[in-house]
Amino acid sequence: MAEKIKLRFKDKSKAEFTKGVRAEDVVKQKFKKQADKALAVVINKRVIDLSAPINESGELGILTFEDEAGMDLFRHSSSHVMALAVKRLYPGVKVAIGPSIEDGFYYDFDNLRISDNDLKKIEAEIKKIIHEKLPFIRREVSKQDALKLFKDEPYKLELINGLPASERIITYKLGEFEDLCRGPHVPNSGFIGAVKLLKVAGAYWRGDSTKKMLTRIYGTSFPDKKMLSEYLKRIEEAKKRDHRRLGQEMDLFSFHDEARGFPFWHPKGVILWDEIINYWKQVHKKYGYGLVQTPILLNKDLWLRSGHWEHYKENMYFTRIDDVEHAIKPMNCPGGILIYKCRLHSYREFPIKHAELGFVHRHELSGVLHGLVRVRSFTQDDAHVYCLPEQLEQEIINIIDLVYELYSVFGLKDYRVELSTKPEKHIGSDEDWSKAEKALENALKARKIKFELNPGEGAFYGPKIDFHIRDSIGRSWQCGTIQVDFAMPERFDLTYEGRDGRKHRPVMIHRAILGSIERFVGILLEHYAGKLPLWLNPVQVKLLPIADRHIGYARRLAEQMRRAGIRVEVDERSETTSKKVRDAQLERVNYMLVVGDKEEEAKTVNVRTRNNEVKGPRRVDEFIKELLVEIKEKRIK
Ligand SMILES: [Zn+2]
Ligand SMILES: [Zn+2]
């Protein structure tokens, strides 16, 4: 009788199959509707082709384009399709490598001299290959055979020569093009619904500037044309909204080679910053937080004790003070804990809520730095809540309420929430974990919040809730997090005196809401395409005198508005009014007030908005009142 294997599935069902069954056949039987979307199979956390046999028992799932790993596999498979197209059109090319990257893929070629103008032709050939539905065929060969097979491909030979002699080498054949690749891939080229080639660039072989410059073609791909065109529209829109450009146009911040990855804030940027922070502080006080501030430099002993020295050292910066090694804090928790430990605590004081706008430094590789979104120093809107075990659920609810209040005031109302639970490697007892997980889950349910469950994805020290904000063009940003921590209270021996007069461990919650203020400014700018709500905008009103003789009236109005608390500028250049209006619109000023003879005589202003609405003449005092209401209520228009 044929040997059997036992497979478990995500829905907790189990089934028996004959050993060696094709992955595809299992998927067809078990995944029914989803089966068509399957790109590959995951068996015991290992990804294999749909055409591969299954010889072991265990857990089986599928990868679709919606999974990150599935998307990578899809994009990587697309790079083979592109390489085949290039080989057909330019028979003399030598192939190097073709990985997937964020949002797409590339392939490097030698002996290929093309420009962006040639991409259309290659795309057309790719379309043909997609229609041909060519299968990806896997082979295992010896190193010797591989050297023979790739004798005309010097880059492949170099890669093969780098492998041990005994290594079984894997190739995949797509049509007439056999490539050195470990795989896995989608079943056939028909899966790659739509491809767009983006650009041609030069790239050194193996990223080494002493080696040959190759021709790299970048592209992206999607299961269908609709998804591709939506993506292309989104990147076009994203380019227009790039916060680095907006930051320059609005004169908010800059970056300099003298301090790579560390932002410089200009006066207008600091106004925006302060508005965010002032509101943040106000709402934290309302929710019963005390604000604390801890030093940036703390000595080695502390970081040893916190575990950062052991686990986080490569991301930290160091210096010596009086011959003692110090580190710049990458996180605020250890410093905050010293404040807790200053004195004895009683159960009666709980919950204790300490919030800190903590300025942290983390080393990031220069290649990943990106405007305000990825920096080397940033301000976390951090807080640590210490509470009794029985208070945990209510405290989580309070934090969730605060999270939603903050986000909605900034006009961010589309969220995705994830609950991540106990990973294999963890500290703390199973009982503590399940209590904490239950508290997080109950809190989400109490607020009727839909969430995705990520089993096993929690931090080693505790379960967590993550909040992802979706911006106005559909991009998702992870900002807020609520984490229960079993580790720090142990490491720092945190205690309180309970009802029984004995010492107990408090529950510690870490939480951040906006995440990094720097990054949040970037998100806000891109979300609003720079058109910030009135209360946040560094310049709220611009006065535009029609001629020089109206400058006096404009200045007097500006003074009156400034005294009322409105941020206003006068455009005193001798430009035409329409030019002044256009420039003010570019600066994303909320209101433009045109003033000339008529307005001066009637004590009015002629109101326009940055969206080209002409509101017409308004009485100055009335208009000021309206602005103050719009600011006070933090209206979003
Ligand atoms: Zn491959
Ligand atoms: Zn913390």
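Summary of values
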{"item": "Gyration tensor verdict on the range 199-270 (Cα atoms; rounded if a/c is under 1.5, prolate if a/b is larger than b/c, oblate otherwise)", "result": "oblate"}
{"item": "Reach of Lys12 by Cα under 13 Å, taken over aspartates and glutamates that are not fewer than 8 positions away in the same chain", "result": "Glu59"}
{"item": "Summed residue charge, Cβ within 14 Å of Asn315's Cβ, Lys/Arg positive, Asp/Glu negative", "result": "+2"}
{"item": "Exposure rank, largest accessible area first [His256, His80; 1.4 Å]", "result": "His256, His80"}
{"item": "Whole-number Å³ per residue for the convex hull built on Cα positions in the range 429-495", "result": "119 Å³"}
{"item": "Within the range 1-101, GluC sites (Glu not before Pro) in DSSP loop having at most 14 other beta-carbon neighbours inside 10 Å", "result": "Glu3, Glu56, Glu66"}
{"item": "Dipole axis of the chain (+1 Lys, Arg; -1 Asp, Glu on Cβ), positive-most option in Trp205, Ile352, Leu50", "result": "Leu50"}
{"item": "Residue order for Ile48, Ile465 - accessible surface, 1.4 angstrom probe, largest first", "result": "Ile48, Ile465"}
{"item": "Rounded, prolate or oblate (a/c below 1.5 giving rounded, otherwise prolate when a/b exceeds b/c) for the range 321-449 by Cα gyration tensor", "result": "oblate"}
{"item": "Separation in nanometres of the label points that stand 7 Å from Cα toward Cβ, at Arg305 and Asn111", "result": "6.6 nm"}
{"item": "Entries of Lys281/Lys450; Lys4/Lys45; Lys413/Lys579; Lys10/Lys233; Lys425/Lys464; Lys120/Lys148 with Cα pairs more than 25 Å apart", "result": "Lys281/Lys450; Lys413/Lys579; Lys10/Lys233; Lys120/Lys148"}
{"item": "Surface per residue (accessible, 1.4 Å probe) for the chain, Å²", "result": "50 Å²"}
{"item": "Test item: Cα-centred dipole of the chain, Lys/Arg +1 and Asp/Glu -1 on Cβ, debye", "result": "1180 debye"}
{"item": "Cα-based shape type of the chain, given that a ≥ b ≥ c are square roots of the gyration tensor eigenvalues and the cut on a/c is 1.5", "result": "oblate"}
{"item": "Solvent accessible area, Å² - Ser189, 1.4 Å probe, full protein context", "result": "0 Å²"}
{"item": "Difference of contour (0.36 nm per residue) and Cα-Cα distance, Lys413 to Gln144", "result": "90.9 nm"}
{"item": "Accessible area of the range 26-115 belonging to carbon and sulfur atoms, whole % at 1.4 Å probe", "result": "50 percent"}
{"item": "Computed accessible area, Val95, all protein chains, 1.4 angstrom probe, square angstrom", "result": "0 Å²"}
{"item": "Accessible surface of the range 354-484, 1.4 Å probe, proportion on carbon and sulfur as whole %", "result": "49 percent"}
{"item": "Under 12 Å, Cβ to Cβ, from His345 - net charge with Lys/Arg +1 and Asp/Glu -1", "result": "+3"}
{"item": "Segments 517-529, 102-114, 339-351, 296-308 sorted - mean Cβ within 10 Å per residue, highest first", "result": "517-529, 102-114, 296-308, 339-351"}
{"item": "List Ile122, Ile271, Ile130, ordered by accessible area with a 1.4 Å probe, largest first", "result": "Ile271, Ile130, Ile122"}
{"item": "Burial order of peptide ranges 369-381, 570-582 (average beta-carbon count within 10 Å, highest first)", "result": "369-381, 570-582"}
{"item": "Carbon and sulfur %, accessible surface of the range 219-289 computed with the full protein complex present, 1.4 Å", "result": "52 percent"}
{"item": "Net charge of Cβ neighbours under 12 Å - reference Leu119; Lys, Arg +1; Asp, Glu -1", "result": "0"}
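The values are calculated or read from the model by the stated rules, or taken from the named source; none is laboratory data. Computed from a predicted model, the values in this text were never measured in an experiment. Neighbour counts are summed over all protein chains in view; Cβ atoms, including those assigned to glycine, are modelled from backbone coordinates with ideal geometry. When the accessible area is computed, the model is the full protein with side chains, heavy atoms only, and any ligands, DNA or RNA have been set aside. Shrake-Rupley method; radii C 1.70, N 1.55, O 1.52, S 1.80 Å.
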